[in-house]
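Worksheet for the structure shown next.
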Amino acid sequence: MNLKKSIFWQLLIVIIITIPSFLSLLNSYYFTVHDNQHIVRLYLLDKGIKQGYLFPRWVDELTFGFGDPLFNFYPPLVYYLGEFFHLLGFSYIWSIKLVFILGFLIGSISIYFFIREFLGKLAAFLGTTIFTYFFYHAVNAYVRGALSEFFAMNLVPLVFLSITKTAKSPSIKSSLFFAFSLALVFLSHQLVALPLLFFLPFYFLFSLFISEKKKKKFVIFLIIGGLIGLSLSAFYWLPMFYEKQFTFLDKELGGYKDHYLYPYQFWYSPWGFGASVEGILDGMSFQLGKIPILLISFSIISFFIFQLKKLTKKEELVANQFIFFLFLLVFGLWMTTFYSSFIWDKIKFLWSLQFPWRFLSITATFVAVIASYWIYFLQRVFFQKNEFFIKLLASIFIVLTIYKYYPYFRPQNYLKVTDKDLITKEEIQWVQSKTVLHFVPKGVKAKKNEYGVYILDIDKKDLPKNIYDIKKGRGEVKIVKNKYQEKEFLIKVKTPIQLQLNTFNFIGWQAYLDGKKIKINDNNDYKLINVDIPQGDYQLKFVFENTLVRTISEYLSFISLAVCLWISKKRIT
């Protein structure tokens, strides 16, 4: 069988293994999850792109109608993928479900090729099954509905695979592979990229240690790939990290102390669709699963048996890799528990994660890897000449894992709704706006809801009826343009007026009167944009402009993308 046919059949098996994980999405319904804003976000992105903004950092309608710098802070990749499906003709609902399905498939394929690098095809099929049906996978998809985190979690094995490829064969090709995989994680969710950064130095050093040759080239190409990856995604993460100081995000740091896991929860944590709470009575499950724990135990026991035989140089390398992956697994689990609190308390950078159990997004990869190692060890000790039994045993565990855990891969409730039901003015400006207040300017009138999350202190009757109000004086206002990041009016001012644009004055908004910049006043409860205009006829414009950090980050990304395209073209020609 030639290579292409072999890869085809391997991928087909991986897809067959994965299908039950998303079968519950293959219907005409939407479903209930904690984070239920995906349809609205996709709708707003679609609308912004149609207004001519390739990357609309600011969107209207959200946050009680006062607008929101949504995509300046919320990772955009999954919604651009959703927009791709929508432009193909799918509804918003189906577009979001297709992104979930794509995430499952990318995760399964990525983990398969990663494990195959070390352990071969049979172990990779088993590891794919363990990873795909990992409890936290189901929690992210069907309980939390954390689409961005879910998608980033499925890209994690791709990052480790790219480093492994670079270590084995350092080249510009493997370097770009690392660059793009790293960039995709940052663009999927920074709260997965952040814990990933704790693992990458370990993985880099170990890969360098076991690399038999070309160590210098490996270091050079990995550094190049890392810098390109960070630059490619800089248009998002650089402004996000710098400008969050002007929002409510920093006011919500410190809650991580209520969300440590207890080791017992890895063994048993009841399944549910509730919230994470202090202690062990969480409404969602954080268990690893009995089958993965059993297989991890098999791997550890078989490792010690394996150590009794005389090892070749290659087998010693595999044994060292096992010890290293086991270390990463233990480290990842440890970082979710209160035993690591002294690290969390000292590194304020970690506080933005909010939940220590987010480290499970990375640890899932190593659960799958370690749970697969027993196949390699037992093959080398007992079944070198007859592999039938080990194949049969692995197949049994694959089928048993899918049978045991696929029932958890379904929503709590289905919703018989259409796109129109989920993007009404009521839904966007009121229902969705009551869930979070992360990205609005510091200083707005806010209060905490029953979950301890800041929301705007506003009554429904106070929602804006128009995009502007004349607070003082008399004048006539004609709306010329009302786009997300540009508002234009023609004004006839009879007496000096104070005009209020019913939009938060977030960093970047500028006001121009007949082309001249004028001062914005936001000294009011909700920090809304106000300008004073003297008597006369004017053109008034409000523009959401790039800050210096946004401009720099966009140039970084553009230059990096141009360099990647130039390199790719040179390789092809």
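The values are calculated or read from the model by the stated rules, or taken from the named source; none is laboratory data. Predicted model only: the values in this text are computed from it and were never measured. In this analysis, Cβ positions are derived from the backbone assuming ideal geometry, glycine residues included, and neighbour counts consider all displayed protein chains. When the accessible area is computed, the model is the full protein with side chains, heavy atoms only, and any ligands, DNA or RNA have been set aside. Shrake-Rupley method; radii C 1.70, N 1.55, O 1.52, S 1.80 Å.
Tell me which residues, restricted to segment 289-316, are out of contact with any Ser or Thr (no Cβ under 9 Å at 6 or more places or on another chain), under 25 Å from residue 337 (Cα atoms) and open to solvent by less than 60 Å² (accessible area, probe 1.4 Å).
293, 296, 297, 300
Are any of the residues in segment 349-358 more than 18 Å from residue 261 (Cβ to Cβ) and among the basic types (Lys, Arg)? Show your work before the answer.
Taking segment 349-358 and keeping what is more than 18 Å from residue 261 (Cβ to Cβ), we get 349, 352.
Those left that are additionally among the basic types (Lys, Arg): none.
So far as segment 349-358 goes, no, none of its residues is more than 18 Å from residue 261 (Cβ to Cβ) and among the basic types (Lys, Arg).
Go through (1) touching a residue at least 12 places away in the same chain (Cβ under 8 Å); (2) over 29 Å from residue 268 (Cα atoms) for residue 144 and report which single condition fails.
Residue 144 satisfies all of (1) touching a residue at least 12 places away in the same chain (Cβ under 8 Å); (2) over 29 Å from residue 268 (Cα atoms) except (2).
For the subset of segment 322-347 comprising residues that are part of a helix (DSSP H, G or I), at pLDDT below 95 and of a type outside the set (Ser, Thr, Tyr), which member is nearest to residue 280 (Cα to Cα)?
Across segment 322-347, the extreme among qualifying residues is 338.
Take segment 340-363 and flag every residue that is among the polar types (S, T, N, Q), open to solvent by less than 40 Å² (accessible area, probe 1.4 Å) and in contact with a helix residue (DSSP H, G or I) (Cβ under 6 Å, 6 or more places away or on another chain). I'd like the intermediate steps shown before the answer.
Going residue by residue through segment 340-363, those that are among the polar types (S, T, N, Q) are 340-341, 352, 354, 361, 363.
Remaining after also requiring open to solvent by less than 40 Å² (accessible area, probe 1.4 Å): 340-341, 352, 361, 363.
The answer is 340, 361, 363.
Which one of 89, 120 is surrounded by fewer than 21 Cβ atoms within 10 Å (Cβ to Cβ), of a type in the set (Gly, Ala, Ser) and free of Cβ contacts under 8 Å to residues at least 12 places away in the same chain? Spell out the reasoning first.
On the way: 120 fails: free of Cβ contacts under 8 Å to residues at least 12 places away in the same chain.
One residue alone meets the criteria, 89.
Mind checking which residues of segment 63-80 are among the hydrophobic types (A, V, I, L, M, F, W, C) and more than 24 Å from residue 416 (Cα to Cα)? It would help to see each step written out before you state the result.
From segment 63-80, those among the hydrophobic types (A, V, I, L, M, F, W, C) are 64, 66, 70-71, 73, 77-78; that's our starting set.
64, 66, 70, 71, 73, 77, listed by residue number.
Which one is surrounded by the fewest Cβ atoms within 10 Å (Cβ to Cβ) among residues in segment 507-518 that are more than 39 Å from the chain's Cα centre (by Cα) and part of a loop (DSSP other than H, G, I, E, B)?
The extreme case among them is 515.
When you check residue 24 against the structure, is it of a type in the set (Gly, Ala, Ser), surrounded by fewer than 20 Cβ atoms within 10 Å (Cβ to Cβ), over 27 Å from residue 112 (Cβ atoms) and touching a residue at least 24 places away in the same chain (Cβ under 8 Å), yes or no? Can you show your working first?
Details: of a type in the set (Gly, Ala, Ser): yes; surrounded by fewer than 20 Cβ atoms within 10 Å (Cβ to Cβ): yes; over 27 Å from residue 112 (Cβ atoms): no; touching a residue at least 24 places away in the same chain (Cβ under 8 Å): yes.
Judged against the criteria, residue 24 is not a match.
Being among the hydrophobic types (A, V, I, L, M, F, W, C), open to solvent by less than 40 Å² (accessible area, probe 1.4 Å) and either under 11 Å from residue 15 (Cα atoms) or at pLDDT below 95 (or both) is the filter here, so list the residues in segment 102-116 that pass it.
Scanning segment 102-116 gives a single hit, 104.
Kindly indicate whether any position in segment 246-255 is open to solvent by 50 Å² or more (accessible area, probe 1.4 Å), over 26 Å from residue 335 (Cα atoms) and modelled with pLDDT of 85 or more.
Yes - at least one qualifying residue is present in segment 246-255.
Taking residue 264, is it at pLDDT 90 or above and over 21 Å from residue 369 (Cα atoms)?
On the way: at pLDDT 90 or above: yes; over 21 Å from residue 369 (Cα atoms): yes.
It is true that residue 264 is at pLDDT 90 or above and over 21 Å from residue 369 (Cα atoms).
Does segment 459-475 contain at least one residue that is surrounded by 13 or more Cβ atoms within 10 Å (Cβ to Cβ), of a type in the set (Phe, Trp, Tyr), assigned to a strand (DSSP E or B) and modelled with pLDDT of 90 or more?
Yes, because at least one residue in segment 459-475 is surrounded by 13 or more Cβ atoms within 10 Å (Cβ to Cβ), of a type in the set (Phe, Trp, Tyr), assigned to a strand (DSSP E or B) and modelled with pLDDT of 90 or more.
What number of residues within segment 107-156 satisfy the criterion of being small (Gly, Ala, Ser) and over 17 Å from residue 376 (Cα atoms)?
Residues of segment 107-156 small (Gly, Ala, Ser): 107-108, 110, 120, 123-124, 127, 138, 141, 145-146, 148, 152.
Right, trim to over 17 Å from residue 376 (Cα atoms) and you get 107-108, 110, 138, 141, 145-146, 148, 152.
Matching residues across segment 107-156 total 9.
Look through 209, 202, 186 and report the one residue that is surrounded by fewer than 14 Cβ atoms within 10 Å (Cβ to Cβ) and modelled with pLDDT of 90 or more.
On the way: 209 fails: modelled with pLDDT of 90 or more; 186 fails: surrounded by fewer than 14 Cβ atoms within 10 Å (Cβ to Cβ).
One residue alone meets the criteria, 202.
Whether any residue in segment 490-500 is in contact (Cβ under 8 Å) with a residue 60 or more places away in the chain, under 24 Å from residue 442 (Cα atoms) and in a strand (DSSP E or B) is what I want to check.
Of all residues in segment 490-500, those in contact (Cβ under 8 Å) with a residue 60 or more places away in the chain come to none.
No, that holds for no residue.
Of the numbered conditions (1) more than 29 Å from residue 49 (Cα to Cα); (2) among the hydrophobic types (A, V, I, L, M, F, W, C); (3) surrounded by fewer than 16 Cβ atoms within 10 Å (Cβ to Cβ), residue 480 satisfies every one except a single condition; which is it?
The failed condition is (1).
For segment 146-260, which fully contained helices (runs of 4 or more DSSP H) count at least 3 residues that are of a type in the set (Gly, Ala, Ser) and closer than 26 Å to residue 107 by Cα? Walk me through how you get there before you give the answer.
On the way: elements: 147-168, 172-188, 190-210, 215-232, 234-243.
Output list reads 147-168, 172-188, 215-232.
Evaluate segment 8-17: report whether one residue or more is in a loop (DSSP other than H, G, I, E, B) and crowded, with 21+ Cβ neighbours inside 10 Å.
From segment 8-17, those in a loop (DSSP other than H, G, I, E, B) are none; that's our starting set.
No, the conditions are met nowhere in segment 8-17.
So residue 78 fits all but one of (1) under 19 Å from the mean Cα position of the chain (by Cα); (2) surrounded by fewer than 20 Cβ atoms within 10 Å (Cβ to Cβ); (3) at pLDDT 95 or above; what number is the exception?
(2)
Test residue 521 against the criterion of being open to solvent by less than 30 Å² (accessible area, probe 1.4 Å) and more than 27 Å from residue 46 (Cα to Cα), and give yes or no. Before you say what the answer is, go through the steps one by one.
Numbers: open to solvent by less than 30 Å² (accessible area, probe 1.4 Å): no; more than 27 Å from residue 46 (Cα to Cα): yes.
Criteria not met by residue 521.
Going through 418, 401 one at a time, which residue ends up being among the hydroxyl-bearing types (Ser, Thr, Tyr) and surrounded by fewer than 18 Cβ atoms within 10 Å (Cβ to Cβ)? Before you say what the answer is, go through the steps one by one.
Values: 401 fails: surrounded by fewer than 18 Cβ atoms within 10 Å (Cβ to Cβ).
Among 418, 401, only 418 is among the hydroxyl-bearing types (Ser, Thr, Tyr) and surrounded by fewer than 18 Cβ atoms within 10 Å (Cβ to Cβ).
Residue pairs, Cβ under 6 Å, 6 or more apart or interchain, first in segment 539-563 and in a strand (DSSP E or B), second modelled with pLDDT of 95 or more and among the basic types (Lys, Arg). List them.
Going by the 6 Å Cβ cut-off, the qualifying pairs are 542/487.
Can you report the number of residues in segment 356-377 which are within 15 Å of the chain's Cα centre (by Cα) and within 30 Å of residue 312 (Cβ to Cβ)?
Number of matching residues: 0.
Could you list all residues from segment 376-395 that are modelled with pLDDT under 85 and among the β-branched types (Val, Ile, Thr)?
The answer is 381, and nothing else.
Which condition from (1) at pLDDT 95 or above; (2) over 27 Å from residue 259 (Cα atoms); (3) not aromatic (Phe, Trp, Tyr) is the one that residue 296 breaks?
Condition (2) is where residue 296 drops out.
Within segment 33-54, can you find the residues that are open to solvent by 10 Å² or more (accessible area, probe 1.4 Å), of a type outside the set (Val, Ile, Thr) and within 22 Å of residue 487 (Cα to Cα)?
Going through segment 33-54, the residues open to solvent by 10 Å² or more (accessible area, probe 1.4 Å) turn out to be 33-37, 41, 43, 47, 49-54.
After this cut, where a residue has to be of a type outside the set (Val, Ile, Thr) as well, the list is 34-37, 41, 43, 47, 50-54.
41, 43, 47, 50, 51, 52, 53, 54, listed by residue number.
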